[in-house]
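Peer 1: After the structure tokens below, expect a handful of questions from me.
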Amino acid sequence: MKAETRRGPADLAEVGRFVDLEIAPRANTFEREEWIPREVLSRVADLGLWAPFLPPEFDGEAMDMVTVGRVHEEIGRGCSGLRSLLTVHSMVSASVHRWGEPAQQEQWLRALARGEKLGAFCLTEPDHSGSDSTAEGTTAVRDQDGWILNGRKKWITGGQVADVFMVFATTGAGTSTFLVESDRPGVRVTPLPHVMGTTASMLAEIEFTDVRLEPTALLGPQGWAAGTVMTNALDLGRYSVACGSVGIIRAAIEACAAYTSVRSAGGVLLRDLPHVRQMMSGMVTARDAARLLCEKAGALKDAGDPATIMATWVAKYHASTSAVRIAGDAVQIHGANGFSPDYPVGRLYRDSKVTEVIEGSTQVQELTIAAEAYREVAQ
Ligand SMILES: Cc1cc2nc3c(=O)[nH]c(=O)nc-3n(C[C@H](O)[C@H](O)[C@H](O)COP(=O)(O)OP(=O)(O)OC[C@H]3O[C@@H](n4cnc5c(N)ncnc54)[C@H](O)[C@@H]3O)c2cc1C
């Protein structure tokens, strides 16, 4: 993105140590308590990880997207709940940077880059299919003072702790995007407890009742969010989820390597059983393939090449479906212990399934990628 790029193994090594020492050992607790303590979110801020792709004038580091992907992979290796928070915060930060007026950028970007304010992405609704992003029941009606927002959003990652919601709403002809502070009168946040995966991502349902917004709350073109703000944000989210899925695969490999090196069956260490070796080989190959696809998508983003959109679909499809399969193998390798909260693989299994549903489900991806195949052949 920029010449002054904070990249290189030293930074990633630092993130890796953070994950090894402060995240991975606590991730099962985060999952059980359905909460990530503020002090951990502050550590993410100390490391400058909330929105490092923003330019230095907004307190970012102009980090290139390949490196951003590696950071999300590392965090995903430790805790998918935390990676999910990073995903939606990145989507909001990048959207304000790309589509915001200078005053909106001034208002939000430094606080988002420093992690002083957290962002959440509000598209899905309880009464509409999330895959069909055009079906908003949430409305924003213009009056002389600004906008009046009404509606409900569900499954909002980070909704319990976010300071600003990026909300998609129907404004007459089409969909528009609004930046809504979580403490505005008329905003009600209801936690969504006991979900199957990424429970630490502090999901919430958000209700907007006659929420009054200034005209400046509108982000990007009115009525055109579907092809602009939403498309860009979802592409970035998809990329982050793909990279986070690589992290899940890595965590599964680490857990299985450790477990099979101490656990025996019939006097033989599990690591010496051929079927375990076969599964481990599949894990390593899937990790490398998924990471290469992520790097390709990231490099195309850095080059500003629109081909990144399809490359990101492909990366996410491969990485998320591989993560589900491999997390399942990891549970299998652990036997009954795979079901125990004393090991990470049960959590990896639950979290991996989320990656197949969000940011374009596996089935929607299959439609999109297959359509591209037919387009390519027709040319
Ligand atoms: C843990 C978690 C976190 C989330 N975080 C957020 C968030 O931060 N912000 C947000 O806005 N949303 C969030 N979501 C919602 C998520 O984006 C939606 O769940 C997702 O878009 C799928 O929508 P849906 O659940 O309504 O499923 P549906 O769209 O109802 O799909 C149901 C099934 O039908 C299939 N399907 C749908 N359409 C088609 C089609 N055209 N062809 C073939 N099959 C199809 C799907 O693949 C799926 O298997 C989150 C969800 C989860 C589980």
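The values are calculated or read from the model by the stated rules, or taken from the named source; none is laboratory data. The structure displayed is predicted, hence computed values, not measured ones. Note: ideal-geometry Cβ built from the backbone for every residue, glycine included; neighbour counts use all protein chains shown. SASA here: full protein model, heavy atoms, side chains in, ligands and nucleic acids out. Shrake-Rupley method; radii C 1.70, N 1.55, O 1.52, S 1.80 Å.
Peer 1: Taking the highest mean first, how do the peptides 165-171, 246-252, 15-21 order by number of other beta carbon atoms within 10 angstrom per residue?
Peer 2: Working: 165-171: 24.3, 246-252: 28.9, 15-21: 16.9.
The peptides rank, most packed first, as 246-252, 165-171, 15-21.
Peer 1: Cβ under 13 Å from residue 215's Cβ, residue 215 left aside: what net charge do those residues give with Lys, Arg +1 and Asp, Glu -1?
Peer 2: -2
Peer 1: Calculate the tail of P(r) for the chain: the fraction of all Cα-Cα distances greater than 32 Å, expressed in %.
Peer 2: Across the chain, Cα pairs with separations above 32 Å total 31 percent.
Peer 1: Would you work out the charge dipole size for region 9-118 about its Cα centre, treating the Cβ of every Lys and Arg as +1 and the Cβ of every Asp and Glu as -1, and quote it to the nearest 20 debye? List each step's numbers first, then the result.
Peer 2: Values: 12 positive and 18 negative charges, 45 e Å.
Dipole magnitude for region 9-118 comes out near 220 debye.
Peer 1: Angle between the Cα long axis of helix 362-378 and the longest principal axis of the chain, 0 to 90 degrees, nearest 10?
Peer 2: Long axis of 362-378 versus the principal axis of the chain: about 80 degrees.
Peer 1: Would you list, by chain and number, the aspartates and glutamates whose Cα falls below 12 Å from the Cα of residue 301, excluding same-chain residues fewer than 8 positions away?
Peer 2: 64, 235
Peer 1: From the phi of every residue in region 127-135, what ³J(HN,Hα) in whole Hz does the Karplus formula 6.51 cos²θ - 1.76 cosθ + 1.60 yield, where θ is phi - 60° and glycine or proline is x?
Peer 2: Ordered by residue, 3J(HN,Hα) equals 9, 10, 5, x, 5, 9, 6, 8, 9 Hz.
Peer 1: Does anyone have the angle between helix 80-99 and the longest principal axis of the chain? Alpha-carbon axes, 0 to 90°, nearest 10?
Peer 2: 30
Peer 1: May I pose another question? Please give the peptides 80-88, 217-225 ranked by average Cβ packing (other Cβ atoms within 10 Å per residue), highest first, as a rough proxy for protection.
Peer 2: Highest to lowest by the protection proxy: 80-88, 217-225.
Peer 1: Among 154-164, 39-49, 89-99, 338-348, how do they line up by average Cβ neighbours within 10 Å per residue, starting with the highest?
Peer 2: 89-99, 154-164, 338-348, 39-49
Peer 1: Something else: For region 121-223, what is Rg from Cα atoms divided by 2.2 N^0.38 Å, rounded to two decimals?
Peer 2: Numbers: Rg = 13.2 Å, N = 103, 2.2 N^0.38 = 12.8 Å.
That ratio works out to 1.03.
Peer 1: Report, to the nearest 10°, how far helix 65-78 tilts away from the longest principal axis of the Cα atoms in the chain, using its own Cα long axis and a range of 0 to 90°.
Peer 2: Computed tilt is about 60 degrees.
Peer 1: Moving on to the next point. Counting Lys and Arg as +1 and Asp and Glu as -1, each charge on the Cβ, what is the dipole of the chain about the Cα centre in debye, to the nearest 20?
Peer 2: Details: 37 positive and 47 negative charges, 195 e Å.
The dipole of the chain has a size of about 940 debye.
Peer 1: Taking 25 °C and 0.890 mPa s as the conditions, I'd like the Stokes-Einstein D for region 1-158 in µm²/s, using the Kirkwood hydrodynamic radius from alpha carbon pairs.
Peer 2: Here the translational diffusion coefficient equals 143 µm²/s.
Peer 1: Could I ask something else about it? Cα convex hull of region 227-378: how many Å³ per residue? Don't skip to the answer; put the middle values down first.
Peer 2: Working: hull volume 17.7 nm³, N = 152.
Roughly 117 Å³ of hull volume per residue.
Peer 1: Okay, moving on. Please give the per residue accessible area of the chain, computed with a probe of 1.4 Å over protein heavy atoms only, in Å².
Peer 2: That works out to 43 Å² per residue.
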